[in-house]
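Working notes for the structure below.
Taken together, the values in this text are just the output of simple stated rules run on the coordinates, not laboratory data. All of these numbers come straight from a predicted model, not from anything done at the bench. Glycine gets a Cβ as well: all are built from the backbone with ideal geometry, and neighbour counts include every protein chain shown.
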Amino acid sequence: MTVYVLSHFGDVHAHAVHWACENLGKSSVLLDLYEFFENSRIGIIPENGRQRLLIDGIEIDQSASVWLRRPNPPKLFRESSVHASDLKFAEMSCASLYRGFLEGLSECSLVVSPWTAHTAASLKMNQISAAQRVGMKTPRTVFTNDIDLAISRLKKDEWIAKSHSQFKWAPVNGKHTIMPSVAPISPSDLASYSSTFPFSPIIVQEKVKSSDEIRVFVFGRTVFAASLGFSNLDGELDWRRFHSTLDIKLIELPERLRQQIFEFMNALGLTSGAFDFILNESNEYVFLEVNSCGQWIWMEIDDSIPILDAFSQFLISGDPQFEYDFSQTPNVLYSDFLNSQVADEVFVQREAAPSQTTLAKKHEGQWFSSMVALENEELS
């Protein structure tokens, strides 16, 4: 059995899991999707009611485990590869093949998470509805490009605005501009954007005052829940901007919430997800969102949180119902990866080609996610 990790160059999660699987004695293949069509050749052969998938002439066996760590569409071509007049047709054709490839992977024994499930779960309105159906508490939320509807929600209580997804504009004076993931909002704020609001839909959400914020990473039937020691009572809304000062501690979730999380994942077809909850002033867990490709490796602040070992064993098991044995001694540790030659080589390569894709920077023994790296370094 082989573990396939699909991601982009510079993604620490992908390299760490690939390294861990190899160290656990299992075959692992790391596919860099950034220039997938430049570097690889795909084949899809419908046969006997199933789809045979080939990469560079090698067939992906159905017993394989596949982690769609970063399944976003790749950069299709270098500018020199395709004539400008043919570019649109080439992009359409390759996009169809790429989507068929991702959906065909669903026939493997374990896919984390299936492409169709990932696509549906990426819509936050689907997340909120699914959370409500399984009985989770959620903030009042409106998805809209109707400024009058949005303003009508802001006339009482406190509200915040969220973007539907992160976005990074091209560098200006050497620095990137990033759309904030969350910000306070008022009627006057919206009124100043009345002419452009129809073209920039936002999420308007009730502000829930938090005594703590909780990150929960779930895969199979394994749960890692961490208190972040972060509150929004001082006006700060996004803990990611204060990543280096978080007080991360493993906690036990209420059993009812654990079951609701599993029901939620079953409803959306997810095999893995990084959940964000707020612990409100009444000590209730309030669901905010889930990311099926969310980051989690930063939770392993020391060897007592063996999340890399657990997730790697999950992929190797090929079992969607996998449950990690927390009583065992971890076989692979994130700290060992950071001190490995593999990590040093990835860092050197990343520095040598800084413009290629997702930022992942090694600094004082730590890897930072792309968003943290951008906010802490490029926007400072």
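So, in nm, how far is label Asp157 from label Arg50 when the simple model puts each one 7 Å beyond its Cα toward the Cβ?
If labels sit at Asp157 and Arg50, their model points lie 5.0 nm apart.
For segment 67-72, just list the computed ³J(HN,Hα) in residue order, Karplus coefficients 6.51, -1.76 and 1.60, θ = phi - 60°, integers in Hz, with x standing in for Gly and Pro.
My calculation for segment 67-72 gives 10, 7, 5, 9, x, 4 Hz in order.
Within segment 307-324, which residues have the backbone N less than 20 Å from the label spot 7 Å out from Thr116 along Cα→beta-carbon, could you tell me?
What the label zone holds, given the 20 Å backbone N cut-off, is 320-321.
Arranged by the count of other C-beta atoms within 10 angstrom, fewest first, what order do Arg52, Arg133, Arg153 take?
Exposure proxy ranking, most exposed first: Arg133, Arg52, Arg153.
Can you give me the distance in nm between label points at Ser200 and Glu107, each placed 7 Å from the Cα along the Cα-to-Cβ direction?
4.5
How would you rank Asp11, Asp302, Asp336, going from fewest to most other Cβ atoms within 10 Å of each one's own Cβ?
By the 10 Å Cβ count, ascending, the order reads Asp302, Asp336, Asp11.
Ranked by Cβ crowding within 10 angstrom, fewest neighbours first, how are Met125, Met92 ordered?
Details: Met125 12, Met92 9.
Sorted ascending by nearby Cβ count, the order is Met92, Met125.
Out of the GluC sites (Glu not before Pro) in segment 28-130, which ones are loop residues according to DSSP with at most 11 other C-beta atoms within 10 Å?
Qualifying residues, ordered by number: Glu79.
Specify whether the C-alpha gyration tensor of segment 2-113 places it in the rounded, prolate or oblate class, a ≥ b ≥ c being the square roots of the eigenvalues: rounded for a/c under 1.5, otherwise prolate if a/b is larger than b/c and oblate if not.
Here segment 2-113 falls in the oblate category.
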